[in-house]
Amino acid sequence: MNVLNEWTALACKELGIDPARVDRDLILDLTKDVAHGVARPAAPLTAYLLGLAEGAGTAPQDAVERLKTLAANWGEATAQTLTGD
């Protein structure tokens, strides 16, 4: 078992989460996109926010796709925020 598999299994056990519900590769892909498209510190924050969204009932796949799109369009999104468009 590699370290990432072991960590995931033990962290899930500690938190009372069924490891079968965790799509580790999806989360890692999302955080990679955010780290490269936005900023490295935004990656763990995004993973935490995704967890909050899932807990609030937002469909995980939908949330991931929306966050990936936001990260991909980060420059445009911030330009709109700054200009008020």
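The values are calculated or read from the model by the stated rules, or taken from the named source; none is laboratory data. Every value quoted in this text rests on a predicted model; they were computed, and no experiment measured them. No Cβ is skipped: glycine too gets one built from the backbone with ideal geometry, and neighbour counts run over all protein chains shown. Keep in mind that these areas ignore ligands, DNA and RNA; they rest on the heavy atoms of the full protein, side chains included. Shrake-Rupley method; radii C 1.70, N 1.55, O 1.52, S 1.80 Å.
Structure notes:
- Test: residue in the stretch 13-20 that is part of a helix (DSSP H, G or I), within 15 Å of the chain's Cα centre (by Cα) and not small (Gly, Ala, Ser): no
- Which listed residue, of 38, 3, 22, is touching a Phe, Trp or Tyr at 6+ places or on another chain (Cβ under 6 Å) and open to solvent by 40 Å² or more (accessible area, probe 1.4 Å): 38
- Residue that is open to solvent by less than 90 Å² (accessible area, probe 1.4 Å) and part of a loop (DSSP other than H, G, I, E, B), where the choices are 75, 57: 57
- Filter result for residue 27 (open to solvent by less than 90 Å² (accessible area, probe 1.4 Å), in a loop (DSSP other than H, G, I, E, B) and either of a type outside the set (S, T, N, Q) or modelled with pLDDT under 90 (or both)): no
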